[in-house]
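Here's the structure we're looking at; comments come further down.
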Amino acid sequence: MSGRAGKKMDIKWKYLSSSGDIQPYIESYVNSYTETTLTLEGTQLNPGTHTFLARATNWLGMTSTSMISITRLANDLPSVKTPGGYQFSIDPDRDIRLEIEVFTSTCANNTAVLVPGIARWAQEFRGSPYLNSRTASYSSILSNHQVSLLNWNRMVLYIPPNTLQPGSTYAFNAFSSAKSTTSTGLNTTYIITVSEPNVVASLAGGSLREVSVLTQSPKMVIFNASGSIDPSAPEVPPQAFQWTLYLVSNDDFGNEILTPISLRN
């Protein structure tokens, strides 16, 4: 900072007060600082309100002062928001994105503020201590299938499609905290249930065919369902089939009636 004719002004800083105990090493540093810009790491200050004074004196001895107060929030637990909720039921071919947002628990105007956060994700199994009253009922049905979490240290956990086993239930826990207070945080557990898709029956030749058993030779109709698949294990064909033959007719009101007809193997 310069005064008239570019002459450098004399700058002195002073640590005036704190709502808690004044920290001696910060007081010594501030009170001996003479540069224009004073920089302090927020984590160096104890929780509470701190007041600093800057005094500027020009070459003529004219002086001006200015005060600034800074409030360092307490290192209490942050609050966590999870867009989309804590429990999900998904199809196995869908990807999964679990997101954590960290907010300060208190602020000067009593409004929570979104802050930079960190998260550490882990899969939980039966008997996990992180299964609280909301999720404890799932403990006995959690899958033993271990999932590789490639982005376990990010705010968003991503699991690719077809990673989780159909018909299984999984639990994933996130320990999250504000970057400035990594020693305190919250554990948030998510429950994911993977649906088990139905087997898809497929008949060769389509689902509608017209044949004449009177003129066709030989007098038989062949139905082939070998193209049926199980979406949860497409490489393995279904192991059992049950066939039912119905006679289709209509009643006097045009309603379709299906009458079972016995089949002989």
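If you take every residue apart from Thr163 with its C-beta less than 13 Å away from the C-beta of Thr163, what net charge results, scoring Lys and Arg +1 and Asp and Glu -1?
Net charge around Thr163: -1.
Taking a cut-off of 25 Å between Cα atoms, list the lysines near Lys81, but don't count ones fewer than 8 places away on the same chain.
Straight-line reach from Lys81, under 25 Å: Lys179.
When the chain is fully extended, how far beyond the present Cα-Cα distance does Ala204 get from Asn153, taking 0.36 nm per residue of separation?
Here the answer is 13.4 nm.
Expected output is a single nm value to one decimal: the length gained when fully extending between Ser139 and Arg97, i.e. 0.36 nm times separation in residues minus the C-alpha distance. What is it?
12.9 nm
Here, each number is a calculation from the coordinates, and none is a lab measurement. This one's a predicted model, so the numbers in the text were calculated from it and none came from an experiment. Using ideal geometry, Cβ is built from the backbone for each residue, glycine included, and neighbour counts are taken over all protein chains shown.
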